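> Please find one structure pasted underneath; my questions will follow.
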Amino acid sequence: MAIRTLALPSSIASILSRHVYIPQATASSSSLETSSLPAPDTDGMVHLPVGAGPTGGSPGLQDCIACGLRHVDPDYVNLCLIPREMIQEMVSSVVDPLDLHRAASVSSTFKELVTSVLYARLTASLVEKGFSDPRGFLKFIYRHKIYIAGPGLLPILFPDCPRIPEFETRVELHSPDCATSVTELTAVLLGDGFKSSDVYEGRVCLLGLFNNDLRYPHFGRTVKKVLRFTKDRAAGGERIVVLVFISSSAQTGFLSVVEYPTTLFMIAVDGISLHIVYPALTGIRRGLINMPFPKTLVSFHTPPFFNALQPFFDLQENLISWPEFRFHICDQNASCPLRVRCLSDNRSIILPCSVDHPFMRMRQDPFVAWMLRCAGSCMNNMPFPDQEVHYKGRYIASDLHVADA
């Protein structure tokens with residue numbers, strides 16, 4: 001299979017250019033024939049033969065739009081002639097989720113490699129956090145519409161991001177209010193060596209957990225109950241904590257994902273795919289702070305872990321703080337907090353992250369829509385002068401409609 005290097009993400013194309021030598025040639029080179037596969041030379045590069053392109057007896061020859069002649073196109077590479085190990089190494093080195101998404105759309109080979117890279121990162125994280133059978137656990141949460149979400153997934157997308165201890169030892173699961181799902185999830189966790197620690201129920205108890213322990217201010221409008229499981233890690237003596245946020249909706253657990261204090265945390269794994277809810281921000285290491293507006297000293301305080309994230313991620317209170325969004329149309333741009341979003345609006349990025357992805361029966365997700373809690377921070381560029389502006393977050397499912405107080 002042949003692809004244009006220009007179709008590859010810039011990070012992969014730059015790595016390819018450092019490791020693969022593509023010979024230049026003119027029309028006179030068309031008589032050169034070779035059938036040998038390339039091998040690494042003494043300089044550590046793979047040297048592709050002249051004519052190592054996609055089609056014909058001289059497969060590298062392409063009609064040049066500029067000169068009208070046929071000659072080798074140096075931007076046209078036969079994927080089959082590059083060792084698979086080299087391609088896998090290139091994909092593994094990508095630390096930009098947008099580049100991973102672009103790579104997955106280049107070809108089935110790249111999609112398979114992107115899947116294997118994300119799956120390796122995800123399963124390694126789950127094993128590190130005490131799950132003995134990560135593949136089985138991912139299949140389980142897919143069947144029961146449970147999501148793994150939150151800051152613990154940041155190293156999956158950004159392997160070079162700073163490690164924050166409280167996130168490294170915590171797994172956050174978002175489950176619908178389904179007795180069967182919760183019971184079976186409890187059995188799976190207990191069978192994996194976790195111990196049931198606490199049950200948080202009631203508004204006062206939940207607010208204490210969210211505000212004091214997790215430092216997620218204003219979080220939990222759609223959460224009915226929280227189950228806490230713990231497990232002592234064999235090496236290092238650190239305690240792993242699994243928090244199960246049980247939604248007020250019996251149809252979905254996704255609504256609490258969009259309640260996180262920043263869009264940077266709004267990433268979720270459904271078992272076979274990784275969802276990046278605000279890719280235009282998260283993909284370039286940005287996060288919109290999701291706090292109520294207009295803000296007051298009582299209602300707004302910055303969580304302490306934001307300081308640890310700031311050197312690596314750009315967190316802002318207003319979308320217009322970034323120049324390219326300064327003149328966006330409110331309620332229209334997918335990154336605008338005033339925009340009512342839903343899971344089926346094709347504004348999220350979905351990356352395959354499980355080797356079982358092609359074999360799992362696709363499920364029908366329920367209708368879910370939301371408006372961010374920080375909606376009031378962005379209302380300067382409304383498309384109509386007298387358009388009504390909602391200042392509060394809204395969370396909608398087929399069986400639930402909740403607004404911020």
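> Over the range 134-216, average the accessible area per residue using a 1.4 Å probe and give it in Å², no decimals.
Spelled out: the 1.4 Å probe surface of the range 134-216, per residue, equals 41 Å².
> At 1.4 Å probe size, what's the solvent-accessible area of Thr169? Round to the nearest 10 Å².
Accessible area of Thr169: about 30 Å².
> Taking all protein chains in place and a 1.4 Å probe, what share, in percent, of the accessible surface of the range 84-178 do carbon and sulfur account for?
After summing per-atom areas, the C and S share lands at 51 percent.
> So how far apart, in nm, are the two label points at Gln88 and Leu190 if each is 7 Å from Cα heading toward Cβ?
4.0
> For Gln332 and Cys205, FRET efficiency with R0 = 35 Å and r from the beta-carbon atoms, rounded to 0.05?
0.30
> I want the local charge near Thr263. Using Cβ-Cβ distances under 14 Å, sum +1 for each Lys or Arg and -1 for each Asp or Glu among the other residues. List each step's numbers first, then the result.
Numbers: positive: Arg285, Arg286, Arg339, Arg341, Arg347, Arg373; negative: Glu259, Asp314, Glu317.
Once all neighbours under 14 Å are counted, the net charge is +3.
> Something else about it: I need the shape label for the range 223-378. Rule: rounded when a/c is under 1.5, else prolate if a/b > b/c, else oblate, with a, b, c from the alpha carbon gyration tensor. Can you show the working numbers first?
Working: a/c = 1.61, a/b = 1.22, b/c = 1.32.
Verdict is oblate for the range 223-378.
> Of all accessible surface on the range 243-316 at a 1.4 Å probe, what whole percent is carbon and sulfur? Display every interim value, and only then the final one.
Values: 1210 of 1990 Å².
That fraction is 61 percent.
> For an R0 of 25 angstrom, estimate the FRET efficiency from the Cβ-Cβ distance between Arg233 and Arg163 and round to the nearest 0.05. Provide the component values of the computation, followed by the final result.
On the way: r = 15 Å, r/R0 = 0.60.
With R0 = 25 Å, the Cβ-Cβ based efficiency is 0.95.
> If I ignore ligands, DNA and RNA and count only protein heavy atoms, how much of Lys224 is accessible to a 1.4 Å probe, in Å² to the nearest 10?
The accessible area comes out at roughly 90 Å².
> Here is a follow-up. Which shape class applies to the range 247-297: rounded if a/c is under 1.5, otherwise prolate when a/b exceeds b/c and oblate if not, where a ≥ b ≥ c are the square roots of the Cα gyration tensor eigenvalues? Show your work: numbers first, answer last.
On the way: a/c = 3.72, a/b = 1.22, b/c = 3.05.
Oblate.
> I've got another one for you. Of Ser175, Ser108, Phe137, which is farthest on the positive side of the dipole of the range 107-206, counting Cα position, with +1 on Lys and Arg Cβ, -1 on Asp and Glu Cβ, and the Cα centre as origin?
Value: Ser108.
> Relative to the compact-globule scaling 2.2 N^0.38 Å, provide the ratio for the alpha-carbon radius of gyration of the range 207-292.
After normalising by residue count via 2.2 N^0.38 Å, the value is 1.22.
> Further question: To the nearest 20 debye, what is the magnitude of the charge dipole of the range 153-226 about its Cα centre, counting +1 on the Cβ of each Lys and Arg and -1 on the Cβ of each Asp and Glu?
I would put it at about 260 debye.
The values are calculated or read from the model by the stated rules, or taken from the named source; none is laboratory data. From a predicted model like this one, the values you see are computed outputs, not experimental measurements. Note: ideal-geometry Cβ built from the backbone for every residue, glycine included; neighbour counts use all protein chains shown. Keep in mind that these areas ignore ligands, DNA and RNA; they rest on the heavy atoms of the full protein, side chains included. Shrake-Rupley method; radii C 1.70, N 1.55, O 1.52, S 1.80 Å.
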